[in-house]
Amino acid sequence: MKKVLSSIFLLGFLLLFLPLNASKQERVDSLRARLEEVSGREKLTTLLELCKVSRAFAPKTSIEIGHQALALSENLEYRKEKFSALHYLGAAYSQDSQFDNALKYLLKAHRYAENNGYLKELADASYSIAATYFCLDIKDKCLAFTEKALDIYSQLGEKRGEAKTLSLLGSYYSGIEDFDKSLEIQKKSLGIAKEIGYSELVASLQNNIGNTYLAQKDTVKGMQYYFQATSFRKNKASTYNDAIYFMNMGSLFLEKKNLEKAMEHFQEGWKIAEKLNSQKLREMYYANISEYYTQKKNYKKALEFFRKSEAINDSLFNERLTSKISDLEVKHAIENKNIENELLRKENRIQQLEINKHYVLGVLTICVLLFIIWLLVARYRSKLKDNELLFLKNKVVSKHQLELVEAMGRLQESEDKLRSANATKDKMFSLIAHDLRGSIGNISNGLRMLLNDEELELTEEDKAEFLQTLFNSADNSYELLENLLLWARNQSHTITVNREIIDLNQLISNNVELLIELAKIKSINLFSGSDDEVHVYADRNMLNTIIRNLISNAIKFTNRGGRVEIRTDVEEDFVKVSVIDNGIGMTSSQILNIYNGKTTDGTDREKGSGLGLMLCRDFLENNDGKLSVESEVGKGSVFSFTVPRESLSSEKFSEILGKEAFISSTNG
């Protein structure tokens with residue numbers, strides 16, 4: 001009888017780590033049917049739920065589904081779902097008693113949650129790892145992960161997680177026979193479970209507290225907690241805990257010599273054991289029923305059930321024995337292999353001695369030959385000493401000549417670069433002078449006509465168009481002068497780069513507000529796609545100039561009634577900003593020439609110099625950024641650039657960007 005109670009007590013602790021509610025087959029069938037109808041993220045969610053609900057009664061199926069969910073989550077790059085797949089897969093392996101694989105995936109889930117800052121998920125993974133170590137009877141690691149899970153659940157105020165972790169901690173202290181500490185912790189867990197209505201855990205804890213009191217020989221309190229558990233089992237699915245409850249109650253009635261009540265409880269528990277198809281439960285029930293018939297003095301029946309109990313026990317023992325035999329076979333094979341390796345090492349040592357012998361003879365022979373050669377060379381060198389000195393003098397002269405030729409080549413190359421740079425600057429200043437002369441001339445002539453030509457009669461529509469033309473010329477001149485000033489300062493290296501952490505979306509919003517009136521003139525819908533804070537590491541003034549130039553260009557080349565959107569996408573190391581318009585677009589040749597000062601008029605004949613994009617390119621280089629262009633004639637353009645989220649070393653920046661160019665183009 002004592003042996004039976006001991007087995008029940010141990011199994012009661014282990015049952016803490018099994019699912020508390022067995023999902024019905026109808027739910028599994030429903031999820032399988034749903035898989036045929038969904039795809040993408042919905043399919044991944046369905047696979048995860050199916051893996052979770054099926055592991056209690058079909059762990060091997062759950063493992064197969066878990067691997068499918070993990071592969072799909074990695075393909076779709078959903079981070080939270082990837083954690084769930086790793087976690088559920090580890091739990092399924094644990095349910096199937098494959099604890100090595102269980103720890104492999106649960107520890108991966110733990111690291112993944114820790115690296116991504118998922119606190120709740122980190123606590124869940126820590127709890128599952130602790131439960132697995134409990135099953136493996138590795139007490140120190142079980143305690144460490146249990147305390148970690150409990151600490152996080154407490155910080156987050158997760159009462160459900162705190163209750164189940166306290167229950168596991170109580171089982172740990174029962175396992176080391178500190179029953180007073182176990183009762184204190186389990187009662188605290190019971191209070192929380194009742195407070196939040198966690199009825200399944202309440203029933204489990206009442207069973208386990210009853211088991212703990214029985215281990216302390218306090219039968220009265222043990223029965224009190226067993227009876228309390230009954231109120232939580234009404235209309236519930238049959239679980240392992242129910243089977244243990246009926247076995248405990250039957251055992252207690254056997255001790256009290258109330259045989260009829262004992263048999264009633266054994267029969268109820270036997271039905272659950274058969275339904276769950278548990279060999280361990282059958283073995284314990286057979287042992288209890290054998291004890292029942294012994295007390296009834298029906299020794300024939302008692303012997304029959306005793307033999308059934310021993311048969312199952314022998315079967316379980318044979319399984320363990322088979323495992324031990326396999327271990328012995330492996331050990332024997334390893335020993336044979338070690339003997340073979342030792343023989344090989346001896347043979348190698350003999351061969352090495354022979355090799356060393358030949359090596360020494362060879363070295364001696366070479367030394368003799370080298371000595372003879374040295375004597376010959378010494379005599380020869382005495383005759384050629386003068387020739388060698390002459391050769392060295394000639395070599396020095398030749399070296400000086402080569403250095404002079406290389407210096408002249410570098411000077412010529414530097415001169416060519418300087419000439420090319422001056423030509424580019426001359427061309428740029430010529431274009432700017434032409435554009436400024438034209439814009440300012442238009443403004444001057446237009447104002448002269450309005451002020452001096454008294455016979456000039458214009459309709460309101462003509463006046464509006466005339467003033468719009470003057471505004472475009474003035475705005476173009478202002479933009480050109482501002483960009484020219486910045487470009488000149490950048491070329492003379494008087495602009496210093498002051499990089500700091502700044503709110504990118506706030507900077508975008510400021511520029512949208514600044515340019516919204518310019519967009520309204522052309523009835524263009526200008527908007528930003530995000531208001532959330534996005535922080536980047538860059539020079540505020542340079543980044544402001546980049547954003548303003550790209551938005552201004554988008555407005556310039558978008559037809560009236562068009563749309564300009566500014567979108568931010570947060571990546572792992574960079575933030576990508578895209579200015580998207582549905583304007584006139586560009587050809588491939590236009591994209592390739594936008595940095596050479598070649599540009600076209602805007603949709604309202606706005607003038608441009610190409611200087612703005614040159615500034616964008618230079619400023620992005622100073623901020624570890626990259627600019628790219630996608631455009632299709634008649635459909636619009638997308639100007640995108642990236643800036644780092646935090647300070648990057650040159651090695652890190654090179655590792656991420658490789659040897660990519662600072663501008664790429666796509667043209668439809």
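The values are calculated or read from the model by the stated rules, or taken from the named source; none is laboratory data. All values derive from a computational prediction rather than experimental measurement. So basically every Cβ, Gly included, is an ideal-geometry build from the backbone, and we count neighbours across all protein chains shown. What goes into the accessible areas is simple: the full protein's heavy atoms, side chains included, and nothing from ligands, DNA or RNA. Shrake-Rupley method; radii C 1.70, N 1.55, O 1.52, S 1.80 Å.
Couple of notes before you dig in:
- Count - residues of the range 173-189 that are of a type outside the set (D, E, K, R) and open to solvent by 10 Å² or more (accessible area, probe 1.4 Å): 6
- Tallying residues that are within 11 Å of LEU504 (Cα to Cα), free of Cβ contacts under 8 Å to residues at least 60 places away in the same chain and open to solvent by less than 10 Å² (accessible area, probe 1.4 Å) within the range 521-557 yields 1.
- Residues in the range 563-579 that are without any contact (Cβ under 8 Å) to a residue 60 or more places away in the chain, within 14 Å of ILE508 (Cα to Cα) and open to solvent by 30 Å² or more (accessible area, probe 1.4 Å): ARG567, ASP569.
- Residue within the range 643-652 that is out of contact with any His (no Cβ under 9 Å at 6 or more places or on another chain), under 27 Å from SER530 (Cβ atoms) and at pLDDT 90 or above present: yes
- Residue count for the range 27-39, restricted to those that are within 26 Å of the chain's Cα centre (by Cα) and open to solvent by less than 30 Å² (accessible area, probe 1.4 Å): 1
- Among the residues of the range 369-384, the one identified as charged (D, E, K, R) and surrounded by 10 or more Cβ atoms within 10 Å (Cβ to Cβ) is ARG381.
- Scan of the range 513-550 for residues that are in a helix (DSSP H, G or I), over 34 Å from the mean Cα position of the chain (by Cα) and hydrophobic (A, V, I, L, M, F, W, C), ordered by number: LEU514, LEU515, ILE516, LEU518, ALA519, ILE521
- Condition broken by ASN593, with the remaining ones in (1) open to solvent by less than 60 Å² (accessible area, probe 1.4 Å); (2) more than 30 Å from ARG499 (Cβ to Cβ); (3) in contact (Cβ under 8 Å) with a residue 60 or more places away in the chain satisfied: (3)
- Residue in the range 120-134 that is out of contact with any helix residue (DSSP H, G or I) (no Cβ under 6 Å at 6 or more places or on another chain) and open to solvent by less than 50 Å² (accessible area, probe 1.4 Å) present: yes
Here's the yes/no breakdown for (1) in a helix (DSSP H, G or I); (2) open to solvent by 80 Å² or more (accessible area, probe 1.4 Å); (3) closer than 27 Å to GLU517 by Cα; (4) at pLDDT 75 or above:
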| residue | (1), (2), (3), (4) |
| --- | --- |
| GLU403 | yes, yes, no, yes |
| SER420 | yes, no, no, no |
| LEU436 | yes, no, yes, no |
| LEU470 | yes, no, yes, no |
| ASN476 | yes, no, yes, no |
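- Residue match in the range 293-301 (condition: buried (at least 19 other Cβ atoms within 10 Å of the Cβ) and either closer than 23 Å to GLN224 by Cα or hydroxyl-bearing (Ser, Thr, Tyr) (or both)): yes
- Verdict on ARG560 being without any contact (Cβ under 8 Å) to a residue 60 or more places away in the chain, in a helix (DSSP H, G or I) and either of a type in the set (Lys, Arg) or touching a Lys or Arg at 6+ places or on another chain (Cβ under 6 Å) (or both): no
- Of all residues in the range 569-593, exactly one satisfies the criterion of being assigned to a helix (DSSP H, G or I) and of a type in the set (Val, Ile, Thr), namely ILE591.
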